[in-house]
Amino acid sequence: MQTLRASKYGLSTTQLPSAILDVIDALTKAGYEAYIVGGGVRDLMLGLNPKDYDAVTNATPSQVKEVFGRRCRIIGRRFELAHVYSGRELIEVATFRAPPKKEVTSASGMILRDNNWGTIEQDFVRRDFSINALYYQPRKNEVLDFCNAVDDIKHKTLRLLGDPMQRFEEDPVRMLRTLRFAAKLNFSIDEKILKIFTPEATQLLRDVSPHRLYDESQKLFTMGHLNRVMPMLIDFGIWHQLFAEITPEITPFIERAAKNTDQRISVGKTINPAFFYAVLLWKPFLERCHFYLSNGTVATEARAQAGLDVLKRQGTRTIIPRFAETFIREVWEMQTRLLNPKPQQIEALSSHARFRAGFDFLLLREKSGDKDTQGMGVWWDVYQTLSADEKERAIADYNRQRAKSRRKASHALAEEAKSNGAIQQAAIEPLVNEPEPRSRRSRKPKNATEFKRQSTMTDSAGGIGADHPILKRKRVKRDLSQVIFGPTQ
Ligand code: ATP
Ligand code: MG
């Protein structure tokens, strides 16, 4: 073990938020050892801005509770921790851990319970990577380095403590953490890890709960280097474990959305982590929609059912919480509305709660070459910049264009019908088109020739012909006063 002078590595108390200093000071004053550990120390040494600070102490969680009273809550079962509130900040305070006892590991070696308190030396061995195992005592200006981690920081190497295979078996999530830190810090992965990090090894992730995998996936999505980590997920076979139903391929849409997410994070904008799930699952969602549409399900129902199916299947890998599920489905549903809005609804739509996310999604689709958006992404982009008068004109123009393209479409359809003598595609309604207005759908033929043409069309599309018995059936007038209205079975 070497004791380093913290200031020599660019660390000083002036960089630290008062919340973490407050926790360290209170524990020290109560006679316990207390250090900052993990990502906070690592990131400060690398000149990065730490996301948060974790503390570690020789006080047990209940002793921590005694020190902080109502400001402290003990959480976790498998991994008991104290949460200490300092002002608005939350600091996680862990207790030094000793090696787990044999009987609390699963058949594959996974640690199931981990509340065996120990010394700092034992705690260090339990940490994942050398660079995450530096202990910083800010008041003493000291960093304790048990494994020459500073060298790994200098050489930008990600090294697991102990035998990599055993560490992955103990906790398969460390595989995800390996890729996350490699991407986030732009570190190279130690040879010893690469040797055993095979697609077979990723099978261990099957034993990890979908809840924990969802949490980890969120960390991957929001670390600011999503675009760098996505191809790594494919290369290392992790993709298959996280998103079994999604083809392992970085499509232009996924790539664009990943870059966009990273960019937003770099300028401090908020992101909804569920948004990227909406992107990843968009293709499976469309495929599922087509499945239902080709079975004759009406478009709205097809979209609803497809959404449910796709999210349910994804939930077997990474649970999708209810709020995220609602968000994703609303973003998808917005695609239909934004693509073919009714002119009188345009303004209201632009102030809808889900407009922003739906519009961002549409624009990302369009900019990544998706022709199905029909230029509506840019249309909405411009629309939002217009004055009230300009908006009115834009809506009128849009309405004219819409009528024109409707006429053009029905003309083309009629031409096609003439040349083929049939309409083959009529049964499949495009996903992102609103159904035709009722008035248009039930428009009566103007003359006998048109009537004949319509009836041949429906006939050859597998529908009802003019001489079908159902059309000859007499309408029975019912006396509604005799009908008892009640719940249907
Ligand atoms: P981040 O910047 O994402 O917060 P971090 O390294 O601080 O990175 P945390 O998940 O906050 O990661 O964990 C804090 C510390 O706890 C880690 O640095 C590591 O020492 C230890 N740790 C966390 N998860 C594991 C794990 N699965 N196995 C071993 N040690 C872990
Ligand atoms: Mg942390």
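The values are calculated or read from the model by the stated rules, or taken from the named source; none is laboratory data. None of the values given here were measured: they were computed from a predicted structure. When we count neighbours, we look across all protein chains shown, and the Cβ atoms used for this are built from the backbone with ideal geometry, even at glycine. Ligands, DNA and RNA are excluded from the accessible area calculation, which covers all protein heavy atoms including side chains. Shrake-Rupley method; radii C 1.70, N 1.55, O 1.52, S 1.80 Å.
I want to make sure I understand the PRE zone here: with the label point 7 angstrom from the Cα of Asn141 toward its beta carbon, which residues in the stretch 32-49 have backbone N atoms less than 18 Å away?
Residues passing the 18 Å test: 36, 45.
Can you work out ³J(HN,Hα) from phi for every residue in the stretch 213-226, in order, using Karplus 6.51 cos²θ - 1.76 cosθ + 1.60 and θ = phi - 60°, giving whole Hz and x for Gly and Pro?
These are the phi-based 3J(HN,Hα) values: 5, 5, 4, 5, 5, 5, 5, 5, 6, 10, 7, x, 9, 5 Hz.
Counting other Cβ atoms within 10 Å of each Cβ, which trypsin sites (Lys or Arg not before Pro) in the stretch 3-93 have at most 15 and sit in a DSSP loop?
Here the trypsin sites (Lys or Arg not before Pro) that fit, given the DSSP loop and packing criteria, are Lys51, Arg77, Arg78, Arg88.
Of Lys184/Lys312; Lys219/Lys283; Lys101/Lys312; Lys101/Lys219, which sit over 27 Å apart, Cα to Cα?
Checking Cα-Cα distances, Lys184/Lys312; Lys101/Lys312; Lys101/Lys219 exceed 27 Å.
Roll a 1.4 angstrom probe over the protein heavy atoms and tell me the percent of accessible area of the stretch 209-408 that is carbon or sulfur.
The nonpolar share, carbon plus sulfur, comes to 52 percent.
Do any trypsin sites (Lys or Arg not before Pro) in the stretch 230-273 lie in a DSSP loop with no more than 10 other beta carbon atoms within 10 Å, and if so, which?
Answer by residue number: Lys269.
How many nm is it between the label spots at Thr105 and Gln263, if each spot is 7 Å from the Cα in line with the beta carbon?
For the pair Thr105/Gln263, the computed spacing is 4.7 nm.
For the stretch 1-144, what is the accessible area per residue in Å² when the probe is 1.4 Å?
Dividing the accessible area of the stretch 1-144 by its residue count gives 50 Å².
List, in order, the whole-Hz ³J(HN,Hα) value for each residue of the stretch 51-66 obtained from phi through the Karplus relation with A = 6.51, B = -1.76, C = 1.60 and θ = phi - 60°; use x for Gly and Pro.
6, 7, 10, 10, 10, 9, 8, 8, 6, 6, x, 6, 5, 4, 4, 4
Along Cα→Cβ, 7 Å out, is where each label goes; now give me the distance between the ones at Asn340 and Glu390 in nm to one decimal.
Simple spin-label model gives 2.9 nm for this pair.
Fully extended, how many nm does the chain gain between Trp117 and His211 (0.36 nm per residue separation, minus their Cα-Cα distance)?
Additional length available on full extension: 31.2 nm.
With N denoting the number of residues in the stretch 1-170, provide Rg(C-alpha) divided by 2.2 N^0.38 Å, to two decimal places.
1.03
Carbon and sulfur atoms: what percent of the 1.4 Å accessible area of the stretch 1-170 do they account for?
49
How many percent of the alpha carbon pairs in the stretch 209-408 exceed a separation of 26 Å?
In whole percent, the share of Cα-Cα pairs in the stretch 209-408 beyond 26 Å is 37.
For a quick protection proxy, order the peptides 272-280, 154-162 by their average other-Cβ count within 10 Å, most packed first.
Descending mean neighbour count gives 272-280, 154-162.
Mind checking the per residue accessible area of the stretch 209-408 for me, 1.4 Å probe, whole number of Å²?
49
With only Lys, Arg, Asp and Glu charged, each at its Cβ (+1 for the first two, -1 for the last two), find how big the charge dipole of the stretch 108-247 is about the Cα centre; round to the nearest 20 debye.
400
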